[in-house]
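To start, the structure itself, in structure tokens.
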Amino acid sequence: MPQIVHVPDQQLWILSGPAASYVLHLDPEGLLHGLHWGPRLDPEQAASLLDLPAPIHRGHQVAADGRLDLAAAGGARFGHAGIQVRFADGTRDLELELTGHRIESAAGSVELVLDFADRHYPLSVETRYLLRPGSDVIERRVRLRHTGAAGTEPVSVLRADSATWVLPPLDGYRLSQVHGQWAAESQLTRTELAYGETVLTSRRGVSGHQSQPWAMLDDGTATETEGAVYGCALAWSGSWQLTLQRLAGDEVLMSAGAQHTPTVHLLAPGEELETPASLGLYSEGGFGAASRAWHRHIRSQVLPHPDELRPVLYNSWEATFFDIGLENQKALADRAAAMGVELFVMDDGWFGSRTHDAAGLGDWTPNPDRFPDGLAPLIDHVHGLGMEFGLWVEPEMTNPDSDLYRAHPDWVLHQPHRHRTEMRNQLVLNLARPEVADWLHATIDGLLRDNAIDFLKWDMNRPFTEAGPVGEGGDDRLWADYTRNLYAVLDRLRADHPAVRIEDCASGGGRIDLGLLARTDQVWTSDNTDPADRLHIQYGFSQLYPAQVMGAWVTDSPNPFTRRSTPLDFRFHSAMAGALGIGGDLSEWTKEELARAAELVAAYKTVRPLVQQGLQYRLRGPEQELSAVQFVAEDGTGTAVLAYRRSRSMGEGAPVLRLRGLRPEARYREAASGRLHHGAVLLARGLPLELPEGDWASALVHLTVV
Ligand code: DGJ
């Protein structure tokens, strides 16, 4: 059970999960320090931290600069301030005092609440630290409140970070992050943290392809299997900013918040601003253990349905693009069902005048030429084949050439006297407006009520531009209101249609974050379905997110995007490391390919509980000629190994792959060959791999304890 202890004499709060502690200290001047983040300490040990030499004070700034957990702007503090406001008279410095604190427990969780208020101005700041059972993740939020009487001038909130995470002194600081772009998401990089401020951000209104709202820091020596790793993530799907600061004395912090800079939120008297959550995790055992701890937390605390196995899906996008019709979808469904697919998803092009990407977005009724009797004939056909039915929607958008836009040109994001920038011929609906959010909810709700839809692929294919018109106060709350209203619509749809599952998509992986993962069931990882590129994308994705939510399709060869040719087995084995889908043009697949695909789908189903619910070990990274990932049952009774060899340079011999997470005393049987292996030998020396000849060779090995 997590524990929070208050030591009043020294003004300490010690927050402890199973293996880690975060210690807060209120100094005599009333500043809240992040005193410790690392291995678990008991209260006596934590109190002794105060006996350590105080940081040297070199003048020109307070010694606490860069060490404050509640980093409010003001005084001789010049580093990043997580809380920045401007009062009506222009004053920007905050002088916060602790006004109360409490520890609340519920259902195995425990939460610390610290209340601060400005000494003079009408602003209170509440900071919360939530620990959930069985996890070292700390979930933090901040709530700002204008405490003035009605009629008092508003307070401008310039920055409200959800959390500022203070790192302890380390021998070095190395930043792990993912960067990317469309069709090249989740590219992992590790670089020394520069002195000054490193800002990861999205100004796009969505969390974005270019970066994801998380970061990890280590001392520069951590490996996949060893070393301490500090991570933080922001549960938010709109614009965001993560500031990593390294001051001259190696005071290092990570501060995570919604909104990019500069934006202003005007707080009226009595009004509150509550930030989304930032989650922080200290772990030992290298990057692999850090990822497994994040996966465990996301599966147990974030995902709505972690215990459900994600179905093998078929998606028609790469097969038919916009040339959708009842007959070609039925034909694809027939072939998919014969292959063992469990969910058939019809993609873009089924509605309104949407026969290309320049028309129809917003008109969510079946195209009468393509589906004269509505969707029922196709849905019945799919259900009759024993599959579930899924439908693509992109409800946050409209094409100017649509009935919706013609009726409501003012419903899109726009600013007076400015052009309306189109991207992919479309404009963003202003979900911050309640009537637009209501329309969106009613439209999708109606679709779900009128049709036996089991699954939605919820797409979002462009960022915000000309974000306006702004509300009465003239502030920038539109950005956050959009995301909050999107969450509210999704929450309502899920509550009213509890059997429907949702895939989060934004031109592939353009909006992957813990905010949407709490409201969806899987993500469309990337529009790049090349299986070799995918190994890199999946490697970056797996740093934070579990395989269970990582949609991965097998498509045609040569790949339509990269033109690279790869064997069918390689394509399958690459996609089997996530939630398997098929996205090729099955009408073009040979009998042999269809038959082999059916065998591979069946093989995936036997290892699916391991992949989707087991522990993931990245055995060898995708930059190596032989790369591999292993999934192990929590109790070590079974494992699935997926290995990939680009080519056999220099006539390399048969590889032997050291496995992890197994029981040394147990013996394991290989499903395909019946061969027996000793757990101890698999761990100490490895698994001999039999890979096919030629480039892009791959294998799936399934071992079960005997
Ligand atoms: C972008 C998605 O990432 C694709 O998978 C597909 O659904 C298209 N949109 C359809 O327009």
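The values are calculated or read from the model by the stated rules, or taken from the named source; none is laboratory data. Since this is a predicted model, take the numbers as computed values, not measurements. Cβ atoms come from the backbone with ideal geometry, glycine included; neighbour counts cover every protein chain shown. Accessible surface is based on the protein model in full, side chains and every heavy atom, while ligands, DNA and RNA are left aside. Shrake-Rupley method; radii C 1.70, N 1.55, O 1.52, S 1.80 Å.
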Six or more apart or on different chains, Cβ under 6 Å: which pairs go from a residue in region 295-313 that's of a type in the set (D, E, K, R) to one that's part of a loop (DSSP other than H, G, I, E, B)? Could you list them? R299/P306; R299/P546
Examine region 18-27 for a residue that is farther than 25 Å from D115 by Cβ, assigned by TED's automatic domain parsing to the domain that holds C232 and of a type in the set (V, I, T), and state whether such a residue exists. no
Just one of G196, G180 is closer than 26 Å to A290 by Cβ and under 17 Å from the mean Cα position of the chain (by Cα); which is it? G180
Can you tell me which of R335, R299 is more than 16 Å from the ligand (Cβ to nearest atom) and within 20 Å of Q522 (Cβ to Cβ)? R299
Output the strands (runs of 3 or more DSSP E) that fall wholly within region 192-279 and possess 3 or more residues being open to solvent by less than 20 Å² (accessible area, probe 1.4 Å) and farther than 22 Å from R40 by Cα, or say none. 240-246, 252-258
Got at least one residue in region 412-434 being small (G, A, S) and part of a helix (DSSP H, G or I)? no
Here the qualifying pairs (Cβ atoms under 9 Å; residues six or more apart or on different chains; first in region 343-360 and in contact (Cβ under 8 Å) with a residue 40 or more places away in the chain and not assigned by TED's automatic domain parsing to the domain that holds K330; second of a type in the set (G, A, S) and within 12 Å of the ligand (Cβ to nearest atom)) come out as none
List pairs: first residue in region 62-73 and farther than 15 Å from Q84 by Cβ and assigned to a loop (DSSP other than H, G, I, E, B), second residue open to solvent by less than 10 Å² (accessible area, probe 1.4 Å) and among the aromatic types (F, W, Y) anywhere in the structure, Cβ distance under 9 angstrom, at least six positions apart or on different chains. D69/Y22; D69/W165
Complete set of residues in region 321-339 that are open to solvent by 20 Å² or more (accessible area, probe 1.4 Å) and either more than 28 Å from the chain's Cα centre (by Cα) or touching a residue at least 60 places away in the same chain (Cβ under 8 Å) (or both): F322, D323, L326, E327, N328, K330, A331, D334, R335, A337, A338
Could you tell me which numbered condition D136 fails, if it satisfies all but one of (1) closer than 28 Å to A289 by Cβ; (2) among the acidic types (D, E); (3) surrounded by fewer than 19 Cβ atoms within 10 Å (Cβ to Cβ)? (3)
Looking for whichever is assigned by TED's automatic domain parsing to the domain that holds L131 and within 29 Å of the chain's Cα centre (by Cα) here; the options are L68, L49. Which one fits? L68
With (1) within 27 Å of Q522 (Cβ to Cβ); (2) open to solvent by less than 50 Å² (accessible area, probe 1.4 Å); (3) of a type in the set (G, A, S) as the list, and A671 as the residue in question, which single condition is left unmet? (2)
Any chance region 534-544 includes a residue that's touching a helix residue (DSSP H, G or I) at 6+ places or on another chain (Cβ under 9 Å), closer than 26 Å to G374 by Cβ and away from the ligand (no atom under 14 Å from the Cβ)? no
Among the residues in region 76-83, are any within 22 Å of L170 (Cβ to Cβ) and of a type in the set (V, I, T)? no
Quick count over region 406-427, residues being open to solvent by 40 Å² or more (accessible area, probe 1.4 Å) and over 30 Å from K330 (Cα atoms), is 14
